[in-house]
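First the structure, in the form of structure tokens, and then the observations on it.
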Amino acid sequence: MNCVKCSGELVKVDKTGKEVYQCNKCSGIWFDFDIDWLDDPSIVIGEILADTILMRKKDYINTPNSNIKYNFDNFVTNKNNDFAYSAAQSVSRKPGSCFNPLFLYGKPNCGKTHLMQAIANETLRIRKNFKIEYLTSEELLSLYIDSIEYNNLLKFRKRFASSDMLLIDGVQCLTEKEHFQEEFLNIFDQLYNDSKQIVLASYKAPSDIAKLSEKLLKRFECGLCVDIQLQ
């Protein structure tokens, strides 16, 4: 088995308890999925970066805690979330041209993650070559720390700044590292200035996130903020 990126040889390593390989050339980490675990057997290999899995099949983007079955058709709408639902659909149809950024907030289990996954999946259904990054703020922070430790900060910046759509779940955790807020601000500004879509989710409104920098607060509130209420 060879690395999809550089064709280097993949060597099996012990990680996550499944079939995981590391490239002996570029050091990329690759995950060999159990085909029985998949709905679509054509999806075989995904890439793990700080526990974030990017499916190699272009139609979906996924993380360990996500569900590729999340879509707009199976999202249950009601009077408390129908506006968020409509906004999410608009973003997936015209990314970067309306509601940018889209900030979804509400208590756990209100449907934020479902809508974010639906946006990613629907966008990729329409635009199969879109580069989409979907991950939690903790995963993004982990990637950032690793990039500093292994002297790959430029690669980290390029990865996210070159995306067509960035979806970050749990942005209330961005405040844990002050320097990280500044790094995320730079990524945000580059994507926003390039008219790339940004979707954020939190259990708090931007103004209620403790220790959030004034600059990030202004960025988060410059688009559309939607409060999703539980029934």
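Quick look at the values:
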read-out: Verdict on residue 121 being assigned to a helix (DSSP H, G or I) and either touching a residue at least 60 places away in the same chain (Cβ under 8 Å) or more than 17 Å from residue 167 (Cβ to Cβ) (or both); value: yes
read-out: Residue list for the range 160-197, filter: hydroxyl-bearing (Ser, Thr, Tyr) and assigned to a helix (DSSP H, G or I); value: 175, 192
read-out: Search result, residues across the range 143-159 that are closer than 16 Å to residue 130 by Cα and within 13 Å of the chain's Cα centre (by Cα); value: 159
read-out: Selection within the range 203-231 - within 19 Å of residue 183 (Cα to Cα) and either under 19 Å from the mean Cα position of the chain (by Cα) or not in a helix (DSSP H, G or I) (or both); value: 206, 209, 210, 211, 212, 213, 216, 219, 220, 222
read-out: Candidate set: the range 130-159, residues that are in a helix (DSSP H, G or I) and in contact (Cβ under 8 Å) with a residue 40 or more places away in the chain; chosen: the one surrounded by the most Cβ atoms within 10 Å (Cβ to Cβ); value: 140
read-out: Candidate set from the range 160-190 (those that are modelled with pLDDT of 90 or more, surrounded by 14 or more Cβ atoms within 10 Å (Cβ to Cβ) and charged (D, E, K, R)); member that is nearest to the chain's Cα centre (by Cα); value: 169
read-out: Among (1) touching a helix residue (DSSP H, G or I) at 6+ places or on another chain (Cβ under 7 Å); (2) within 21 Å of residue 91 (Cβ to Cβ) - the single one residue 156 does not satisfy; value: (2)
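The values are calculated or read from the model by the stated rules, or taken from the named source; none is laboratory data. Everything quoted here is computed from the prediction, not taken from an experiment. We place every Cβ from the backbone using ideal geometry, glycine too, and count neighbours over all the protein chains shown.
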